[in-house]
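Novice: Have a look at the structure that comes next, please.
The values are calculated or read from the model by the stated rules, or taken from the named source; none is laboratory data. What you see is a predicted model; the values in this text were computed from it and never measured. Ideal geometry is used to build each Cβ from the backbone, glycine not excepted, and the neighbour counts take in all protein chains shown. With ligands, DNA and RNA removed, areas are computed over all heavy atoms of the protein, side chains included. Shrake-Rupley method; radii C 1.70, N 1.55, O 1.52, S 1.80 Å.
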Amino acid sequence: MLVAGTAFAQAVEIRPGGRGDTRMPVAVPKVVAATPDLQSMADEMTQALRYDLEFTGVFRVIPESQFPAGFGGFSTDPSQINFSSWQSTPAELLLYMSITAGPNNRIEAECRLFDIETGAQVVGKQLQGAPGWRRFLAHRFADETLLYVTGVAGVATSQVIFSASTDDPRVKDLYIADYDGAMMRRLTEHNSISINAAVSPDGRRVAYVSFKDRYHFLYVLELETGVSTALSKRVGMNSSPAWHPNGNRLAMVLSKDGNAEIYTIDVDGSNLTRVTNEASLDTSPTWSPDGSRIAFVSDRFGLPQICVMNADGSGVTRLSYQGGSSYDPVWSPDGRYIAYVGVRSGDGQQIYILEVSNPQNFRQLTTDRNNESPTWSQDSRHVAFSTTRRGRPELWTVTIETGDQRVIPNLNLRAQGPTWGPRRE
């Protein structure tokens, strides 16, 4: 069973692998600034690149102390790279990035990835953007590096949306930040409680629950315009929005008929369809990536458990068997796993994943108490979640392969209920 290790000062938890460090060593020298006025920007991009690659769980960024003796940084001419000197280092791949000031106040980035043994360039990209997109350019290069090595792009360009409060717990708004916590901004200002966010497959809309109109209603927020539109204002509970993979329909939970049941609805609020019809409570729907099935929570088996059904409500079967109760399911984008919260006596709330094709194959990903609200990265390599393990609510991530856990930095808020958005181009 995969279980994460213990925390240390930098708020990163490393689970001893038992099989040695299999990560690929890479060298990431400082991004080259063509002119002195770009140096601070280049330094920030270097930091972002190194964080991105370490985060993947695939790469190990070697420290500068292991760079070639006498290495003082690259020039703006990558043809001058001395590969023989780099062959004496532990690194297998070498990243080169330089930035120059382009026309119309834009930044132009030259990005190259080299195989150190052969000196061959294996990835080459010319990227550009406004200065405010400097971190995004670094994230793009990191994603391309992971794509070359694994065949699946990373999620460094993705964003996380969450609910958070500052000093007044009676007010919670939605916020958005890069996956590494940078570039955070507030999305709503309802002077109320807004929670339970779910980002659409294209990353352009967020469905959420808010009490801004006094009661527990569902809304859809357009990120580009900031316009929020009511999705459901029915009597009773309106909660747990979950986007269909096509982005045109959602599952949700309503109690308008006296019991919590799962419904589906078009994004414009039309075509409401009831999916479950049981005396038990059915909540927390999550769609399979192909839209053919819905996993959800039901107490029809006694304690709340993760179940799965066809999209029309037929063929209900139980999935969770770790003991105790289970809730907060979310289906991985590759369709292989469902992440969820399990509660067993004495263990508190822990994040688990189970294999959909073999539900008896489950793994516990956390050990510290009070973890909830899991959400998957688009590459299905990581799960973000809420936790109060250090006192105040924070957002953390766990890498499925390695078990490494780390706090999402820079979020100086009481952050809860994350939803992980798609890659951005």
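Novice: Would you tally the net charge around Pro78, using a Cβ to Cβ cut-off of less than 12 Å, leaving Pro78 out, and scoring K and R as +1, D and E as -1?
Specialist: Overall, the nearby charge balance is -1.
Novice: Relative contact order for segment 19-64 using alpha-carbon pairs under 8 Å, separation at least 6, rounded to a whole percent?
Specialist: So the answer I get is 51 percent.
Novice: Please check: in the Gaussian network model of the chain (C-alpha springs, under 10 Å), which one of Leu38, Leu319, Leu231 has the largest mean-square fluctuation.
Specialist: The residue with the greatest mean-square fluctuation here is Leu38.
Novice: Further, regarding this structure: Given labels modelled 7 Å from the Cα in the Cβ direction, how far is it in nm from Arg300 to Arg204?
Specialist: Each label point lies 7 Å from its Cα, and together they span 3.6 nm.
Novice: Still on this structure, please answer the following. Rounded if a/c is under 1.5, else prolate if a/b is larger than b/c, else oblate: which is segment 237-301, with a ≥ b ≥ c the root eigenvalues of its Cα gyration tensor?
Specialist: Since a/c reaches 1.5 but b/c is at least a/b, the shape of segment 237-301 is classed as oblate.
Novice: Please enumerate, by chain and number, the aspartates and glutamates with C-alpha under 16 Å from the C-alpha of Lys233, excluding those fewer than 8 residues away in the same chain.
Specialist: Asp213, Asp257, Glu261, Asp266, Asp268
Novice: Right, here's the next one. Looking at the chain, I'd like the Rg to Rh ratio, where Rg is from alpha-carbon atoms and Rh is Kirkwood's inverse mean 1/r. List each step's numbers first, then the result.
Specialist: On the way: Rg = 22.9 Å, Rh = 22.9 Å.
Result for the chain is an Rg/Rh of 1.00.
Novice: Could you work out the pair-distance distribution P(r) of segment 247-343 from its alpha-carbon pairs, with 5 angstrom bin width and percents rounded to whole numbers?
Specialist: Bins of 5 Å from zero give 3, 14, 25, 25, 19, 10, 3, 1 percent of pairs.
Novice: Now a separate question. With only alpha-carbon pairs counted, each pair once and no self-pairs, how large is the Kirkwood hydrodynamic radius of segment 156-268 in angstroms? Don't skip to the answer; put the middle values down first.
Specialist: Working: mean 1/r = 0.0693 Å⁻¹.
It is 14.4 Å.
Novice: Sum up the charges of everything whose Cβ sits under 15 Å from the Cβ of Ser380, counting Lys and Arg as +1 and Asp and Glu as -1, but leave Ser380 out.
Specialist: With Lys, Arg at +1 and Asp, Glu at -1, the neighbours total -2.
Novice: Calculate for the chain the 222 nm mean residue ellipticity that helices alone would give, adding -39,500 (n - 2.57) per DSSP H run of length 4 or more and normalising by residue count, nearest 500 deg cm²/dmol. Walk me through the numbers on the way to the answer.
Specialist: On the way: 3 runs with 38 residues, N = 425.
Counting only the DSSP helices, I get -3000 deg cm²/dmol.
Novice: Sort all Cα-Cα distances of segment 150-221 into consecutive 10 angstrom bins from zero, then give the percent of pairs in each bin up to the one containing the longest distance.
Specialist: Cα pair-distance distribution for segment 150-221, in percent: 19, 48, 24, 7, 2.
Novice: I want to verify a result. In a Gaussian network model of the chain, Cα cutoff 10 Å, which of these has the top mean-square fluctuation: Gly324, Gly391, Gly124?
Specialist: The residue that fluctuates most here is Gly391.
Novice: Continuing with this model, one more query. Along the principal axes of its C-alpha atoms, what lengths does segment 342-425 span, in descending order and rounded to whole Å?
Specialist: Projected onto its principal axes, the Cα set of segment 342-425 covers 40, 38, 20 Å.
Novice: Okay, next question. Heavy-atom accessible area of Ser345 with all protein chains present, probe 1.4 Å, nearest 10 Å²?
Specialist: Estimated to the nearest 10 Å², Ser345 gives 120 Å².
Novice: Moving on. For segment 153-228 and segment 70-98, compute the distance between their C-alpha centroids and round to whole Å.
Specialist: Taking the Cα centre of each part, segment 153-228 and segment 70-98 sit 42 Å apart.
Novice: I need the Kirkwood Rh of segment 56-108: take the reciprocal of the average 1/r across all distinct C-alpha pairs and report it in angstrom.
Specialist: About 13.4 Å, per the Kirkwood formula over Cα pairs.
Novice: Give the calculated FRET efficiency between Asp347 and Phe211 to the nearest 0.05, with a Förster radius of 30 Å applied to their Cβ-Cβ distance. If you can, show how the numbers build up before the last one.
Specialist: Working: r = 32 Å, r/R0 = 1.06.
Using R0 = 30 Å, I get an efficiency of 0.40.
Novice: Just to be sure I understand: if I project the alpha-carbon convex hull of segment 81-197 onto a plane and average over all orientations, what area do I get in nm²?
Specialist: It is 10.7 nm².
Novice: Straight-line reach from Lys125: which aspartates and glutamates have Cα under 14 Å away, leaving out those fewer than 8 places along the same chain?
Specialist: Glu108, Glu110, Asp143, Glu144, Glu425
Novice: If you don't mind, there's one more thing I want to ask. Counting Lys +1, Arg +1, Asp -1, Glu -1, what net charge surrounds Ser192 among other residues with beta carbon under 9 Å of its beta carbon?
Specialist: Surrounding charge for Ser192 is +2.
Novice: Over the C-alpha atoms of segment 303-371, what are the Rg and the largest Cα-to-Cα span, Dmax, in Å?
Specialist: Rg and Dmax of segment 303-371, Cα atoms, are 11.9, 38 Å.
Novice: For the pair Gln128 and Gln87, how long in nm is the line joining their label points, each one 7 Å along Cα→Cβ?
Specialist: Calculated label separation equals 3.7 nm.
Novice: Okay, moving on. Give, rounded to the nearest 20 debye, the magnitude of the charge dipole that segment 278-332 has about its Cα centre when Lys and Arg contribute +1 at Cβ and Asp and Glu contribute -1 at Cβ.
Specialist: Using only the charged Cβ atoms, the result is roughly 140 debye.
Novice: At 1.4 Å probe size, with the rest of the protein present, what percent of the exposed accessible area of segment 350-392 is carbon and sulfur atoms?
Specialist: Ligands and nucleic acids excluded, carbon and sulfur give 35 percent.
Novice: Oh, and also: Would you give the gap between the C-alpha center of segment 386-425 and the C-alpha center of segment 30-45, rounded to a whole Å?
Specialist: 29 Å
Novice: Still on this structure, please answer the following. Please give the solvent-accessible surface of Asp268 in Å², to the nearest 10, using a probe radius of 1.4 Å with every protein chain present.
Specialist: Rounded to the nearest 10, the figure is 120 Å².
Novice: So for the pair Gln121, Glu401, with labels modelled 7 Å out along Cα→Cβ, what separation do we get in nm?
Specialist: The answer from the label model is 2.7 nm.
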